[in-house]
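Just so you know, all these numbers are worked out from the coordinates, no wet-lab data involved. If you're wondering where the values come from, they're calculated on a predicted model, not measured in any experiment. Here the Cβ positions follow ideal geometry from the backbone for every residue, glycine too, while neighbour counts run over all protein chains shown.
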Amino acid sequence: MNPVKWFLKQAFPEHFRTEEEREQAKIEIEKIQYRARYGIVNSKLKCKYCEEVGSVHYRRVYKKTGFSTGKAVAGLITGGTSILATGLAKKEGVAKFYCGNCEMSWEGIQ
Ligand SMILES: [Zn+2]
């Protein structure tokens with residue numbers, strides 16, 4: 001289906017002609033929401049709990065970890081320029097996994 005047409009259908013489901021189309025769109029929207037929440041399925045990943053291959057969702061999240069006092073002090077000394085240069089909070093990437101089969105979720109480094 002034409003992506004623009006598809007998008008319009010997602011945005012304005014009330015304009016759907018048939019019940020079937022409406023159902024189809026609902027499924028698609030659910031898939032998108034699922035992806036946004038759990039990430040996309042990586043077909044090569046194996047679940048470490050149930051050992052199912054192809055049901056593991058993977059996404060990478062960046063969370064801010066803590067406040068660096070050292071950087072804050074350096075920032076005060078240099079008049080704030082180093083705060084601008086480095087930022088006070090450092091970001092750390094974490095891989096989040098979720099298994100659609102056994103519904104377990106875990107974190108890792110990947
Ligand atoms: Zn599993």
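Before moving on, here are some points about what is shown:
- Violating pairs (Cα-Cα greater than 25 angstrom) within the set 9/44; 9/63; 31/96; 5/26: 9/44; 9/63
- Of the chymotrypsin sites (Phe, Trp or Tyr not before Pro) in segment 9-53, those whose Cβ has at most 15 other Cβ within 10 Å and which sit in DSSP loop: 16, 49
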